[in-house]
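Enquirer: Before we start, here is the structure in question, set down as structure tokens.
The values are calculated or read from the model by the stated rules, or taken from the named source; none is laboratory data. Bear in mind that the values here come from a model prediction, so they are computed numbers and not experimental data. Side chains are part of the model used for accessible areas, which takes the heavy atoms of the whole protein and leaves out ligands, DNA and RNA. Shrake-Rupley method; radii C 1.70, N 1.55, O 1.52, S 1.80 Å.
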Amino acid sequence: MATKVLIGCLSVSAWCYGAEPEQCLNWTVETHNSASKASSCAYYMRDKVSTRFLVQNHCESRVSGVFSYTREDAVRPLSVQAFDVEPGEVEEVANPCDEAGDWRIQVSQVSY
């Protein structure tokens, strides 16, 4: 079963002219156990979960930037990746197989 946690939220103003690119993005984190078909983990890795980082673009322009995620108990990012999302689309930015935990995300260099 998937668990969804909303990371970012959009205001209606993101649809307005002149919205900052960060306001166009809605981040979601989904967690799937290893037995799930949506998991990136092998079925025998019962102590691991698949954590999908998804971004949705609510604006009329393509938005790109740099995404990193870190465990709450870690000092350095576990991964840094570029993303590029078309208008109205949802993109999976990362899908690591790791222990369950709390995650921090950071988005930088966001532009249209």
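Enquirer: Please report, as a whole percent, how much of the solvent-accessible surface of segment 25-112 comes from carbon and sulfur atoms (probe radius 1.4 Å). Can you show the working numbers first?
Expert: Numbers: 2180 of 4980 Å².
C and S atoms contribute 44 percent here.
Enquirer: If you don't mind, there's one more thing I want to ask. How much length is gained on full extension from T28 to D73, taking 0.36 nm per residue of separation minus their Cα-Cα distance?
Expert: Working: separation 45, 0.36 × 45 = 16.20 nm, distance 2.01 nm.
Length difference between fully extended and current span is 14.2 nm.
Enquirer: Multiply the residue gap between E89 and D47 by 0.36 nm, knock off their C-alpha separation, and tell me the result in nm, one decimal place. The partial results should precede the final answer.
Expert: Working: separation 42, 0.36 × 42 = 15.12 nm, distance 3.20 nm.
Using 0.36 nm per residue and subtracting the Cα-Cα distance, I get 11.9 nm.
Enquirer: Assuming 0.36 nm per residue, please report the length gained on full extension of the stretch S111 to E20 beyond their Cα-Cα distance. Numbers along the way, then the final one.
Expert: Numbers: separation 91, 0.36 × 91 = 32.76 nm, distance 0.84 nm.
Once the chain is fully extended between S111 and E20, it gains 31.9 nm.
Enquirer: I need the phi-derived Karplus couplings for segment 74-83: 6.51 cos²θ - 1.76 cosθ + 1.60, θ = phi - 60°, integer Hz, Gly and Pro marked x.
Expert: Rounded to whole hertz, the list is 9, 8, 10, x, 7, 7, 10, 9, 7, 9.
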